[in-house]
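Take a look at the structure set out below.
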Amino acid sequence: MRTLLLTGFEPFDQAPVNPSWEATRQLDGVLLDDGVQIVARRLPCAFATAGDCLAQLIAELQPVMVIATGLGPGRSDISIERVAINVNDARIPDNLGAQPIDTAVVVGGPAAYFSTLPIKAMVKAVREVGIAASVSQTAGTFVCNQVFYLLQHALVGTEVRSGFVHVPNLPGSGEPTMALSTLVEGLRVAVLAAWKTSVDVVEVGGRVS
Ligand code: PCA
């Protein structure tokens, strides 16, 4: 059995839960139909430790694909991220109290890495089951972007494709929301599309500004 590593984050900013972990934990053990199994793991929301934790998981599990997820406060749909940038610029402190401002994720690293997932095919598949999804052109400059950048940096030049998905908040948070069951199904469909699609589809989805 091969492993598709799917990560979610612990809660941050005083929230009681993080929907990315509440959803991905429900997908732990799900079989994709050809000998590949989802393994879900939780990452700390801290600049100092999240990347090491991810690197340890990759070393231990030797995944064939890695998809990291996190809460995107204010997002109203399942946002398939296109690009990770080499910038930390935290609006709030992380869970260890760190708040880097305008620092590099990797000193001397490239300005950005693209997702190596078929992002348009993932959006299309999620929309086809009636769940809102879009390509996002920025994963922000907080811990999620850092993890996304470190993930792409670690796997560049390998055959292991990887990327990041931001999810909306859960009902009751006072923000745009998505029900947990919808989130779980949307992520399951997105992950399956990522695994099954080797060449991305060409779909309209860009923005003018
Ligand atoms: N969202 C934050 C970090 C952890 C999470 O779930 C982010 O978007 O950076």
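The values are calculated or read from the model by the stated rules, or taken from the named source; none is laboratory data. No experiment lies behind these values; they were computed from the predicted model shown. No Cβ is skipped: glycine too gets one built from the backbone with ideal geometry, and neighbour counts run over all protein chains shown. Only protein heavy atoms, including side chains, enter the accessible area calculation; ligands, DNA and RNA are left aside. Shrake-Rupley method; radii C 1.70, N 1.55, O 1.52, S 1.80 Å.
Return yes when G8 is touching a Lys or Arg at 6+ places or on another chain (Cβ under 9 Å), open to solvent by less than 20 Å² (accessible area, probe 1.4 Å), of a type outside the set (D, E) and touching a residue at least 24 places away in the same chain (Cβ under 8 Å) and no when it is not.
Taking the combined requirement at face value, the residue satisfies it.
Which one of these is in contact (Cβ under 8 Å) with a residue 60 or more places away in the chain, farther than 12 Å from G186 by Cβ and of a type in the set (A, V, I, L, M, F, W, C): A121, A125?
Answer to the selection: A121.
Could you say which residue among V135, V105 is surrounded by fewer than 19 Cβ atoms within 10 Å (Cβ to Cβ), touching a Gly at 6+ places or on another chain (Cβ under 9 Å) and either at pLDDT 95 or above or polar (S, T, N, Q) (or both)?
After applying the criteria, what remains is V135.
Which condition from (1) without any contact (Cβ under 8 Å) to a residue 60 or more places away in the chain; (2) part of a helix (DSSP H, G or I) is the one that L54 breaks?
L54 satisfies all of (1) without any contact (Cβ under 8 Å) to a residue 60 or more places away in the chain; (2) part of a helix (DSSP H, G or I) except (1).
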